[in-house]
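Presented below is the structure to which this report refers.
The values are calculated or read from the model by the stated rules, or taken from the named source; none is laboratory data. Because the structure is predicted, anything quoted here is derived from the model rather than measured. Reconstructed Cβ throughout: ideal geometry from the backbone, glycine too, with neighbour counts over all protein chains shown. Please note that ligands, DNA and RNA were not included when accessible areas were found on the heavy atoms of the full protein model with its side chains. Shrake-Rupley method; radii C 1.70, N 1.55, O 1.52, S 1.80 Å.
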Amino acid sequence: MGFRAEDIVVAGDSAGGNLALSLTVLLRHTGHCTRGLLLLSPWVDLTTERPSIQRNAKYDFLCAPPLESPLNPARTFYAPGRPLSPEMITEMAHPLVSPVYADFAKFPPTLIQAGEKEIIIDEISQLYENIAAHNPNAKHGRYVYECYADMIHVFHQFLDLPDAQYAIAKAGEFIKAL
């Protein structure tokens, strides 16, 4: 189609946020950098069970059985039917599978939006901290993390919610400013 990477904004929500982030990491490692990245409630760590999974289980519609369970979504999506093993856990920690572990140096401008009551909010917060830590001299506004009070996973889909409308408008402003 003839589009240059620097003219493309990559976006995704939930598991699609994982794919968008992994694609951006992969492109950067091949010498290409997108214009920007928009992540809505991205699922970025398939390996760990952080405290927010238990803390927010009563609020969020997502469920997360322990990694040992064959019903765990990470196992179901990554290697359905395969028994859990140390090798699988190592594979799931690869930065292209669990991009929270990637090298984010010289990363493109990124907006991350999430809900405070998501079961995966801890890994999303860690993602932002990792991006910011790899880019300590980035200008203000290049990396933005917006955590919306009392919102759940991909709250953006509930278009009647004022917070969803506001978040979508902020995402549009971010993209237009790139």
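Below is a table of values for the structure above.
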| quantity | calculated |
| --- | --- |
| Linear extension gain, ALA5 paired with LEU178, 0.36 nm per residue minus alpha-carbon span | 60.9 nm |
| Neighbour cut-off at most 10 other Cβ (10 Å), DSSP loop, trypsin sites (Lys or Arg not before Pro), region 32-68 | LYS58 |
| Phi to ³J(HN,Hα) by Karplus 6.51 cos²θ - 1.76 cosθ + 1.60 over region 90-101, Hz, x for Gly, Pro | 4, 4, 5, 8, 4, x, 8, 9, 10, x, 4, 8 |
| Whole-number accessible area per residue in Å² for the chain, which is evaluated in the context of all protein chains at 1.4 Å | 53 |
| Total lysine pairs under 23 Å (Cα atoms) in the chain, excluding pairs fewer than 8 apart on one chain | 6 |
| Length gained when the stretch GLN165-LYS139 is fully extended (0.36 nm per residue, less Cα-Cα span) | 6.7 nm |
| Rounded if a/c under 1.5, otherwise prolate or oblate - region 47-156, Cα gyration tensor axes | oblate |
| Share of carbon and sulfur in the accessible heavy-atom surface of region 38-136 [1.4 Å probe, %] | 62 |
| Between region 111-178 and region 1-67, the alpha-carbon center distance in angstrom | 12 |
| For the chain, calculated [θ]222 nm from helices alone, where every DSSP H run of n ≥ 4 adds -39500 (n - 2.57) | -10500 deg cm²/dmol |
